[in-house]
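Undergrad: My questions all concern the structure below.
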Amino acid sequence: MSDRDGGSGNSGGRGTEDEAALSARLKRLGEELREQRNVAPEKPGPAAGLGSGLTDAFRLAAGFVAGVLVGAGLGWLFDLWLGTSPFGLIVFLLLGFAAGVLNVLREAGRVKPPSIGGPAERVEDDPDD
Amino acid sequence: MELDPIHQFEIYPLIPLRIGSLDLSFTNSALFMVLIVVLTSGFLIYATTRRGLVPSRLQSVAEISYEFIASTLRTSAGHEGMKFFPFVFTTFMFILIANLLGMFPYFFTVTSHIIITATLSLAVMAIVVGYGFKKNGLGFFRLFLPHGIPMWLAPLIVFIEVLSFLSRPLSLSLRLFANILAGHITLKVFAGFVVMLGTAGFLGFLGAALPLAMTIGLTALEFLVAFLQAYVFAILTCLYLNDAIHPGH
């Protein structure tokens with residue numbers, strides 16, 4: 001780290017330029033992300049309000065738990081099959097954890113669903129499909 | 001009176017039937033499933049026999065439920081998704097009526113058993129995978145590779161996406177099952193407190209008002225959950241079907 005800091009200090013002009021470009025890029029990304037989030041939450045169920053907090057909690061929790069469980073299950077099967085215990089379990093559990101987090105983010109509307117263009121766009125470009 | 005909140009979920013055979021080593025008994029669970037199917041189809045058939053341009057009360061209930069699912073399906077899976085309307089509508093009605101029937105005291109709640117919800121969600125996943133491969137061939141695998149990710153990340157992302165996909169049937173079934181089970185157990189426990197406190201002298205009788213109020217509130221909440229969970233199951237089915245119809249272009 002200190003080496004790199006020294007390097008950027010030597011070529012000061014380039015460093016600040018880079019930093020300016022970086023902060024501009026960060027700002028742009030932040031704005032895009034904000035726009036995305038403003039668009040994303042579009043489905044408050046018919047009965048938003050009472051109980052919807054509970055429903056959300058169950059929804060998100062189920063997504064996360066399912067990810068981890070599937071990871072653990074696959075890892076266990078993998079170990080059983082190839083006799084690599086416990087490494088399959090470790091790796092798949094971590095992957096399952098990541099999948100669980102992805103599920104939660106997806107269900108909370110923070111990450112786009114897998115199909116590109118979301119459902120709203122799909123309806124429009126249906127005719128040429 | 002002993003408090004046994006799990007007793008209500010017990011399955012017992014009504015008509016014992018054994019074929020070989022298979023237990024095919026007609027159980028209380030099966031009875032309620034038959035009841036659900038009879039009620040739903042009976043209601044919809046009766047409501048649509050005397051059709052009028054100005055709908056009667058029953059007819060508008062049937063029309064509202066149709067419109068509700070049709071619009072959900074259309075907005076989340078596009079017009080192409082409408083070919084799955086019968087499936088989504090049947091699933092929604094089955095879960096909704098199962099949840100609502102379960103709200104009657106002494107009735108059995110079919111959706112409080114994970115085997116039922118798992119079967120339903122596996123049916124959804126089988127349709128998604130089957131139709132996805134039929135329509136897109138091997139292109140269905142593009143679902144696991146989001147657009148615009150760097151190549152060196154691809155193997156990891158594909159793994160995570162596959163796991164996320166595999167966890168769908170589990171989370172779909174867990175969600176419905178856990179909601180209904182937890183709701184019914186809490187309801188039973190609080191209702192049990194009313195009886196236990198009510199029989200414990202004058203102060204206990206007064207104190208019983210608290211769990212009673214809670215039970216009333218929970219009953220209302222459970223009706224909401226019954227509807228909401230059926231809706232959540234239906235909308236997630238629509239979203240998954242959307243993946244099968246349009247995997248990432």
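Undergrad: I need to check one value: relative contact order of the stretch B:87-232, counting alpha carbon pairs closer than 8 Å and at least 6 residues apart, in percent. Intermediate values should be presented prior to the final figure.
TA: Details: 112 pairs, mean separation 45.6, N = 146.
Dividing the mean separation by the residue count of the stretch B:87-232 yields 31 percent.
Undergrad: Sequence gap at least 6, Cα distance under 8 Å: using those rules, report the relative contact order of chain B to the nearest whole percent.
TA: 27
Undergrad: Over all residues in A:54-61, what is the mean tally of Cβ atoms on other chains that come within 10 Å of each residue's Cβ?
TA: On the way: counts 7, 8, 1, 0, 11, 7, 2, 4.
Rounded to a whole number, the mean comes out at 5.
Undergrad: Next up: So what's the gap between the Cα centers of the stretch A:58-102 and the stretch B:149-167, to the nearest angstrom?
TA: When both Cα centres are located, 14 Å separates them.
Undergrad: Compute the angle between helix B:57-77 and the longest alpha-carbon principal axis of chain B, please, reported from 0 to 90 degrees and rounded to the nearest 10.
TA: Orientation of helix B:57-77: about 40 degrees from the principal axis.
Undergrad: Which angle from 0 to 90°, rounded to the nearest 10, does the C-alpha axis of helix B:28-49 make with the longest principal axis of chain B?
TA: Value to nearest ten degrees: 70.
Undergrad: Could you sort the peptides B:108-119, B:216-227, B:41-52 by per-residue average Cβ neighbour count (10 Å cutoff), highest mean leading?
TA: B:108-119, B:216-227, B:41-52
Undergrad: What is the average number of partner chain Cβ atoms found within 10 Å of a Cβ in B:218-224?
TA: Values: counts 0, 0, 2, 3, 1, 1, 7.
Rounded to a whole number, the mean comes out at 2.
Undergrad: Highest first, please rank the peptides B:232-238, B:180-186 by the mean number of other Cβ atoms sitting within 10 Å of their residues.
TA: Details: B:232-238: 23.3, B:180-186: 19.6.
Top to bottom by mean Cβ count within 10 Å: B:232-238, B:180-186.
Undergrad: Average projected area of the Cα convex hull of the stretch B:7-245, in nm²? Each step should come with its number before you reach the end.
TA: On the way: hull surface 79.5 nm².
Across all orientations, the stretch B:7-245 yields a mean hull projection of 19.9 nm².
Undergrad: A further question follows. Which angle from 0 to 90°, rounded to the nearest 10, does the C-alpha axis of helix B:209-245 make with the longest principal axis of chain B?
TA: On a 0 to 90 degree scale, this one is about 20.
Undergrad: Search the structure for amide H atoms under 5 Å from the amide H of B:F26, placed 1.01 Å from N in the peptide plane, and list their residues when 5 or more places away or on another chain.
TA: Long-range HN contacts for B:F26: B:L14, B:I15, B:L17.
We did not get these values from a lab; they are worked out from the coordinates using the rules stated. Since this is a predicted model, take the numbers as computed values, not measurements. Glycine gets a Cβ as well: all are built from the backbone with ideal geometry, and neighbour counts include every protein chain shown.
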